[in-house]
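Please read the structure below before turning to the comments.
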Amino acid sequence: MTPSSLVDTRCGTMLGHTNVMMAITTPVNDLNRYDVRNKEDILSRFILASNEDPDERITDKYLRDIILNFLIAGKDTSANTLSWFFYMLCKHPTIQERIALEIIESVGDKVVSNEKGNYSSVDEFTARLTEQSMDKMQYLHAAITETLRLYPAVPVDGKCADEDDVLPDGLKVKKGDGVNYMMYAMGRMTYLWGEDADEFKPDRWLANGVFQPASPFKFVAFNAGPRICLGKEFAYRQMKILAATLIHFFRFRLEDESRSIKYRTMFTLHIDGGLPVTALRRIKCE
């Protein structure tokens, strides 16, 4: 169990920064003077919805919570996961090439090259990333999931007991107690994942080439139960689109193979110091 103060400190720091941001920006009431009808950003849409329904007026606190949710849950998590994903591909080049071949097979051969023998444009390629082609990328989906098993976007989470309870191992929990669990550690437990738990093996998620999801109470990167992540499928689709596009056009390798990559424990799991990589334009997929 993780001390609750560790989690509280992180959340408090994030809320503190957001409160400062609120203090130096225009209050919601003043923002209502501006025309948001033609704005496409998510905050403008919330303000517009509030204007259309007087019974659902948005307060500064509500807007703050929306900002915090989208910045942390909707941006940092996917960005960090993709960083770890490309780190894993750099460490496992054969897996990287297998994904590249799957991408070609999924979108169709015509996108690989034009009459001059050069790769198609990014726009032409992404136009072929349809629901059907994305669903064919089972190995890519498995590789992203395997990354999340080893490097969950949120490494620690916690719950508060609504009533007295007893955990499966016999530990008694009183009403109001906080119970924190380490997703980072759970993804490496041999009794959950086998003796090869420390190995990056996307194939563990496949049966006859088809992705097989694990119980959300075993693979907890997206939480489980009624509090499961609402953006799970969107996050997968977003990461697959970006990963497929980059891998199709480039081959990646670490800039310095001797450098030890370490994580930085924050609210989300960052690569400490970033991930310097070299991107090599693909001449062909081998």
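Quick notes
- For region 160-181, the criterion of being surrounded by 13 or more Cβ atoms within 10 Å (Cβ to Cβ) and either within 23 Å of residue 233 (Cβ to Cβ) or basic (Lys, Arg) (or both) is met by none of the residues.
- Each residue in region 202-245 was checked for being in contact (Cβ under 8 Å) with a residue 24 or more places away in the chain and among the aliphatic types (A, V, I, L, M), and 10 of them qualify.
- Condition check for residue 179 on (1) part of a loop (DSSP other than H, G, I, E, B); (2) more than 27 Å from residue 87 (Cα to Cα); (3) among the β-branched types (Val, Ile, Thr): one failure, at (1).
- In region 246-286, the qualifying residues are those that are out of contact with any Cys (no Cβ under 9 Å at 6 or more places or on another chain), free of Cβ contacts under 8 Å to residues at least 40 places away in the same chain and of a type in the set (Asp, Glu), and the one that is nearest to residue 221 (Cα to Cα) is 272.
- Count of region 188-197 residues which are touching a residue at least 24 places away in the same chain (Cβ under 8 Å), of a type outside the set (Lys, Arg) and either surrounded by fewer than 16 Cβ atoms within 10 Å (Cβ to Cβ) or touching a Cys at 6+ places or on another chain (Cβ under 7 Å) (or both): 1
- Out of 136, 175, sole residue that is under 26 Å from the mean Cα position of the chain (by Cα) and at pLDDT 90 or above: 136
- Applying the condition of being part of a strand (DSSP E or B) and of a type in the set (D, E, K, R) to region 135-159 and asking which residue is surrounded by the most Cβ atoms within 10 Å (Cβ to Cβ) yields 157.
- Condition met for residue 222 (touching a His at 6+ places or on another chain (Cβ under 7 Å) and surrounded by 14 or more Cβ atoms within 10 Å (Cβ to Cβ)): no
- Only residues that are within 21 Å of the chain's Cα centre (by Cα) and in a helix (DSSP H, G or I) were counted across region 230-286, and they come to 17.
- Unmet criterion (only one of (1) touching a strand residue (DSSP E or B) at 6+ places or on another chain (Cβ under 9 Å); (2) under 30 Å from residue 123 (Cα atoms); (3) of a type in the set (A, V, I, L, M)) for residue 220: (2)
- Qualifying residue in region 153-160 (condition: of a type in the set (Val, Ile, Thr) and within 19 Å of the chain's Cα centre (by Cα)): yes
- Hey, residue 267 among the hydrophobic types (A, V, I, L, M, F, W, C), touching a helix residue (DSSP H, G or I) at 6+ places or on another chain (Cβ under 7 Å) and more than 25 Å from residue 101 (Cα to Cα) or not: yes
- Helices (runs of 4 or more DSSP H) (entirely within region 1-106) containing at least 1 residues that are out of contact with any strand residue (DSSP E or B) (no Cβ under 6 Å at 6 or more places or on another chain) and at pLDDT 70 or above: 42-52, 60-71, 77-91
The values are calculated or read from the model by the stated rules, or taken from the named source; none is laboratory data. In this text the structure is predicted, and so the values were computed from the model without any measurement. Cβ atoms come from the backbone with ideal geometry, glycine included; neighbour counts cover every protein chain shown.
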